[in-house]
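Scroll down for the structure; my scribbles are underneath it.
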Amino acid sequence: MLPSNITSTHPATFLLVGIPGLEHLHVWISIPFCFAYTLALLGNCTLLFIIRADAALHEPMYLFLAMLATIDLVLASTTLPKMLAIFWFRDREISFFACLVQMFFLHSFSIMESAVLLAMAFDHYVAICKPLHYTTVLTRSLITKIGMAVVVRAVTLMTPLPFLLRHFHYCRGPVIAHCYCEHMAVVRLACGDTSFNNIYGIAVAMFIVVLDLLFVILSYVFILQAVLQLASQQARYKAFGTRVSHIGAILSTYTPVVISSVMHRVACRAAPHVHILLAIFYLLFLPMINPIIYGVKTK
């Protein structure tokens, strides 16, 4: 018989501070955030509508783009509405389980974003290096399997975190010095041995960034070799031009991640709002800029 007197040690609600040290500027900070969120919603919804409405765009490249737009919509909507509620209405409370759900979606869809960019790099590799086999390699069946693998990988990697966090005793209070429920921000409130969470979080981040970025770079090495072998200079420019949007998306995705990682280690004594603003920039910038990057190149 299991004991029936086990009580929960987690708080019923957490309190999200917002941006520590800049509370007096929350209303002003919310203006560019709200503008960026609106652009992200309009841009990604427009892309999804165009791709769905035009049968000529039901090709692998645009199907991957539709996945990316969907992920960006969820990624932005997971954090921004609550963030704006904190800035505008001082609605800082979030229930413990809502916090875990937000954290799960935030980190899962960030992993999915990286995976879709890797899938798009594979699409470009096949289009440039194996053009005669493009339609036979990138079939609807394979695209569906890639989409399922993207979701399964993210969910598998992130599912342990909420269950681990449920079993901690939160003796350091319910106040999260952040404007959304980020994994390490929640772990810092827990007592006991949190070393596994720390190691697991770093390991997953390194695994995703290093592995995905390595394969993206490798695919572009092969693409570069194939493009440079083209006889016509105009053909080389055209081949490079069609890949500029994806390269821009890769840079806008991984550059903030690398900068944030370096900042946490090199500038660990920097004010907390510096790290938080950098993290928010990553969450807002990608959903806003991706429709612009791809929309300009998509006729």
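Before we move on, is Thr13 buried (at least 16 other Cβ atoms within 10 Å of the Cβ), in contact (Cβ under 8 Å) with a residue 12 or more places away in the chain and among the hydroxyl-bearing types (Ser, Thr, Tyr)? No: the conditions fail for Thr13. The set of residues from region 186-206 being modelled with pLDDT under 85 and in a helix (DSSP H, G or I) comprises Asn198, Gly201, Ile202, Ala205, Met206. Taking region 191-224 on its own, how many of its residues are open to solvent by less than 40 Å² (accessible area, probe 1.4 Å) and touching a strand residue (DSSP E or B) at 6+ places or on another chain (Cβ under 7 Å)? Here the count works out to 1. Screening Phe33, Phe49 for residues that are open to solvent by less than 50 Å² (accessible area, probe 1.4 Å) and of a type in the set (Phe, Trp, Tyr) leaves exactly one candidate, Phe33. Of the set (1) hydrophobic (A, V, I, L, M, F, W, C); (2) open to solvent by less than 40 Å² (accessible area, probe 1.4 Å); (3) out of contact with any strand residue (DSSP E or B) (no Cβ under 6 Å at 6 or more places or on another chain), all apply to Cys99 but (3). Going by what's in this entry, would Ser141 be described as over 13 Å from the mean Cα position of the chain (by Cα) and of a type outside the set (A, V, I, L, M, F, W, C)? Yes: the conditions hold for Ser141.
Every condition in (1) touching a Pro at 6+ places or on another chain (Cβ under 7 Å); (2) closer than 25 Å to Gly147 by Cα; (3) surrounded by fewer than 16 Cβ atoms within 10 Å (Cβ to Cβ) holds for Gly21 except the one numbered (2). Only residues that are at pLDDT below 90 and either surrounded by 17 or more Cβ atoms within 10 Å (Cβ to Cβ) or among the hydroxyl-bearing types (Ser, Thr, Tyr) (or both): list them for region 127-150, please. Within region 127-150, Ala127, Ile128, Tyr134, Thr135 qualify.
Conditions (1) among the hydroxyl-bearing types (Ser, Thr, Tyr); (2) open to solvent by less than 20 Å² (accessible area, probe 1.4 Å); (3) in a helix (DSSP H, G or I), marked per residue:
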| site | (1), (2), (3) |
| --- | --- |
| Val74 | no, no, yes |
| Trp88 | no, no, yes |
| His124 | no, yes, yes |
| Arg172 | no, no, no |
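Against the conditions (1) touching a residue at least 12 places away in the same chain (Cβ under 8 Å); (2) buried (at least 18 other Cβ atoms within 10 Å of the Cβ); (3) closer than 29 Å to Leu84 by Cβ, Ala185 satisfies every one except (1).
The values are calculated or read from the model by the stated rules, or taken from the named source; none is laboratory data. In this text the structure is predicted, and so the values were computed from the model without any measurement. Neighbour counts run over all protein chains shown; Cβ positions are idealised from the backbone, glycine included. These accessible areas exclude ligands, DNA and RNA; they are computed on the full protein's heavy atoms, side chains included. Shrake-Rupley method; radii C 1.70, N 1.55, O 1.52, S 1.80 Å.
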